[in-house]
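Everything on this sheet refers to the single structure shown next.
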Amino acid sequence: MSQKVLLNSKEVTIILHRLACQLIEKHLDFSDTILVGIQPRGVYLAERLKELLEKEYKTPEITLGYLDITFFRDDFRRTDKPLEANKTQINFIVENKKVIFIDDVLFTGRSIRSALTAIQSFGRPAEIELLVLIDRRFSRHLPIQPDYRGRQVDAINNEKVIVSWKENDGEDVVYLVTN
C-alpha cells in the first residue's frame, strides 16, 4: 500500500478560503442560504467554512445543520455488519431556502442522491447546491456534479482519497492511497 499527499495543510487552507469567497460571491449575506454538512465527514468541512465565513469574512451568522443519510442509502441493506447512524441536527425548516450540501469527497454520487431524499423531510428547498473538497470525476455512478470543488482528482477505482481534518485526525491533509 502506498500513499501520496494530494493536499498539505497550507493547500487545504488556501482552498478553504477560495471556496468561502466563491460562496460569498453567490450568496452575499446568506440570509436565505443554509449550509448542510453530510454526516460524517462533510461536517468538518462545513464547520470550517462557517467559521471562515463568519470570522475572516465577517458574514452574519450562518445557519448550519448536519444531515445523516445512513438509512436513505440504496445499499444500506446490502451489508452484513450493522450500520451505525450519525446524528441529524437540523433544527430549522429548509422550505424555500437555498441549501448547500457540503461533503469532503464526491465519489459515486450515491451519498448526494441519498441526501437529496433525506432533506425533503425538512421542507422543499428553493434550490440545492453541492460543495466538495475533492471531486473524483472518473468514479461517478450517477449524473451528479459539484457546484463548488476544492480539487479535482483523477483517481481510479482501487485508489482511495482520504481526507484528514485537524479537529478529528490531528492534521489537515488529503492522501491518495493505493492498495
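Structure summary
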{"item": "Residue, farthest from A115 (Cα to Cα), within region 33-67, restricted to residues that are modelled with pLDDT of 95 or more and acidic (D, E)", "result": "E56"}
{"item": "Region 157-176: number of residues that are in a loop (DSSP other than H, G, I, E, B), farther than 23 Å from K10 by Cβ and out of contact with any helix residue (DSSP H, G or I) (no Cβ under 7 Å at 6 or more places or on another chain)", "result": "1"}
{"item": "Residue among E25, E56 that alone is open to solvent by 80 Å² or more (accessible area, probe 1.4 Å), more than 15 Å from the chain's Cα centre (by Cα) and closer than 21 Å to E127 by Cα", "result": "E25"}
{"item": "Answer residue from region 109-144, given it is touching a strand residue (DSSP E or B) at 6+ places or on another chain (Cβ under 9 Å) and in a loop (DSSP other than H, G, I, E, B) and is surrounded by the most Cβ atoms within 10 Å (Cβ to Cβ) among those", "result": "P125"}
{"item": "Where D147 falls short, out of the listed (1) at pLDDT 95 or above; (2) surrounded by fewer than 16 Cβ atoms within 10 Å (Cβ to Cβ); (3) over 23 Å from L116 (Cα atoms)", "result": "(3)"}
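A quick yes/no check of all residues on (1) polar (S, T, N, Q); (2) outside any strand (DSSP E or B); (3) in contact (Cβ under 8 Å) with a residue 24 or more places away in the chain:
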| position | (1), (2), (3) |
| --- | --- |
| K10 | no, yes, no |
| I15 | no, yes, yes |
| A20 | no, yes, yes |
| D29 | no, yes, yes |
| I34 | no, no, yes |
| A46 | no, yes, yes |
| F71 | no, yes, no |
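The values are calculated or read from the model by the stated rules, or taken from the named source; none is laboratory data. What you see is a predicted model, and the numbers here were worked out from it, not measured in a lab. Don't worry about glycine lacking a Cβ; one is built from the backbone with ideal geometry, like all the others, and counts go over all protein chains shown. Areas reflect the complete protein model, heavy atoms only, side chains present, ligands, DNA and RNA absent. Shrake-Rupley method; radii C 1.70, N 1.55, O 1.52, S 1.80 Å.
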